[in-house]
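Take a look at the structure below.
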Amino acid sequence: MQEVTDFVNKSEIIKQIPLFSDLNWIESWVILPKLAFFEYKKNEIIYTAGDPGDAFYLLLSGRLQVSKKLSGGQEKTLDYLTRNKYFGIISLLSGESHSGTVKVINDSFILRIKKEDFNNILQKIPKLAVHMSKSLSRRLRRRRLHPEDIFETKIISALSVAARVGVSRYLANLSISLKKETTKQVILIEINSAPNSIFKNLGLSSEVYSLNLNHTNLNKAQLKENITTHTCGIDLLSVSYNLKMENGQNSIAYLLGMLMEDYSYIVIDLPKSPEPIVNEVLGQSDLIHIVTDDQEDNLKATRIFIEKLRNSVEEIEDNIFIVVNEVESKRVRLSSKQIRNILNDRVYVSLQHFTDPLIKRSGFIQVLECPDAKYALAVRNVAREIGEVLIGLALSGGASFGLAHIGVLKVLEKENINIDVVAGTSMGAFVGGLWASGVSVAGLEKIALGFRNKLRVLRLFDFVFPRRGLILGRYILKLLRKHLKVKTFQEVKIPFLTVACDLESRQEVILDEGDLARAIRASISIPGVFIPLVDEGRFLMDGGILQPLPIQLLIRKGVSKIIAVDVLPSQLDIKKAYQRYRKTEDEKLEIIKKSNIFKKLFYWLGKKIHRMFFPNIFDAIVIAMQASEAILAEASRKQADVYLHPDLSEISWFEFYRAEELIKSGEKEARRLLPQIKQILANKN
């Protein structure tokens, strides 16, 4: 273990931690002096079972194993911890000793706050104390339900307010995808006073045994008799109950407690009616998926239902996620913005209508039989997010340097390394957005190599009177619209997000919905060079101002494994390049001193002309901006699992016409770190 004392920007780190991301600047300054960062090496022990709770721990990068020794002396793994998981909290707040041992599996970067400092923070920031108390009460309630084990079981419940919106099909696909992507134990439960159709979606007989919650002597043996195992590896359970029974709530809590001993994921299909047993399940759930379609009446009903739900069930306001199933219709579809306005809430995922004729066959599972369909890909992404196995790619800004990203993508494509989420800033948004929309690496290379000379590059710039910027940006927008395979974020092949800076508020603006081309245009708007993009009254500028390497965007998205590509030359890169330049110039000067008068004249005339045009206004703005961006990017890189930094020090920011060299540099760096990428991605947990 080694404490990291030279970390550049603690305030940037806490913005990337969901637990602290909503704090205002005053609250942040209360926390900052109390933060300590440590690097742990593989096989180090952070604490051992039986140790007293001495600190709050939060994993920023790496992977940890939680285990305990059984009575026979053998070690049992309880869970694996990944990015943004905090631990040691129950012992810290309850006064109990640690019930498990935490060991480092991969080199890890951990935030630690000492016990006395953490108690002081909770006293000074009441809303953080409320959040922690809710989390603690949930964990303690889970501990009471299954005291023998402490690994985290996730309960995912889903229901709808309208009939025939695809909730059962969605849950069947989600459960199987969870099993496939995580390899952990999954059980799918239907709870209804009358049999539902969820098992028909799995090709099973409707005569599946149903566990009656009216049984007062519910036990493990009886439970196992009612569980059916599907050929895909998930377990199934049908639960029925009497609407008038009094002990239904207690029975469902007891049932979930038994299931938590054996399953990492419990997926529950709930009835529509607002019955006490439904509220009890929702109160126990970690995630609540409200499923609807894109019909206006059902969207309005969903909004009203969610409002009532938030008022009737405690501690669920942050656990609700809206899933929208597209319906087959020839009518004009509502736009994503219209759907959001009707719901007055954000859509978690949109599932494209599946038109394959096989859909009508009983037992048809899209994620298995048509894995490349957009419906299946969307469900797979949800499963990977819930399972905390998302792989994210962060692409930095960097003007012409950004073309090196194409070389990295070339290697990823060739090695069949699947990326779940792409985040790009500035030129990283340009390359990443095109790729996420469906443009192949070959297509990206063709676009890049089109800038084969300075004149071709200059054609992209529509110069205007310099009031808000030097370049209008219409030609760039036209180029994007020409090559992007889709128009909106909702249609992209790979989930994509980018970031811009609001000129007036100086706050970051995360762009992940609506017009894709305009969002990319906003993120590449270098201050003083491009006129800011006006969006809903905001003046949006280059995202690199605040997030030159958008790892933070991926962390907020729940990505657990991050490959970061930083093409911005570091201060050390620039220093080495300048030293090489000075050496070359000195050698030239020695040769010129020995030359004839004409060579001397041409040499000094050339130097004079160069000085007349360097630095020009573009150089001054871009070089100054990239100098600060490189420092911010270097501060963020510790949170990446794999960090790629191609050597581009011999190339200038404006030399787009050297695309071939830039692409090869990215490819070379990706090849160099390919073993490390494969090793990180090989771990399922």
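The values are calculated or read from the model by the stated rules, or taken from the named source; none is laboratory data. Everything numeric here is computed off the predicted structure, so don't read it as measured data. Cβ sites come from the backbone with ideal geometry, for glycine too, and all protein chains shown count toward neighbours. Side chains included, ligands, DNA and RNA excluded: accessible areas come from the protein's heavy atoms. Shrake-Rupley method; radii C 1.70, N 1.55, O 1.52, S 1.80 Å.
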Q. Quick one: which of LYS41/LYS85; LYS576/LYS678; LYS575/LYS664 span more than 20 angstrom between C-alpha atoms?
A. LYS576/LYS678; LYS575/LYS664
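Evaluate E = 1/(1 + (r/R0)^6) for SER94 and ASN212, where r is the Cβ-Cβ distance and R0 equals 30 Å; express this FRET efficiency to the nearest 0.05. It would help to have the intermediate numbers written out before the result.
Working: r = 37 Å, r/R0 = 1.22.
So the FRET efficiency works out to roughly 0.25.
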Q: Can you tell me how much longer the chain between ASN43 and GLU585 gets when fully stretched, taken as 0.36 nm per residue apart minus their C-alpha distance, in nm with one decimal?
A: 190.0 nm
Q | Per-residue HN-Hα couplings for segment 475-483 [Karplus 6.51, -1.76, 1.60; θ = phi - 60°; Hz; x = Gly/Pro] | A | 5, 5, 4, 5, 4, 5, 5, 5, 9
(Q) Cut-off under 15 Å on the C-alpha distance; same-chain residues fewer than 8 positions from LYS600 excluded. Which aspartates and glutamates are left, in chain and number order? (A) GLU585, ASP586, GLU587, GLU590
Q: For LYS300, go through the lysines and keep the ones whose alpha-carbon is under 18 Å away, minus same-chain ones fewer than eight residues off.
A: LYS272, LYS308, LYS337
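For THR101, THR425, give the ranking by accessible area with the largest first, probe 1.4 Å. All intermediate terms of the calculation are to be shown ahead of the outcome.
On the way: THR101 25, THR425 0 Å².
The residues order as THR101, THR425, largest area first.
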**Q.** Computed label-point distance, nm, for sites LEU601 and GLN2 using a 7 Å Cα→Cβ extension
**A.** 6.0 nm
Q: Using Cα positions and a limit of under 19 Å, work out the lysines in reach of LYS493, with same-chain residues fewer than 8 apart set aside.
A: LYS374, LYS410, LYS414, LYS482, LYS485, LYS557
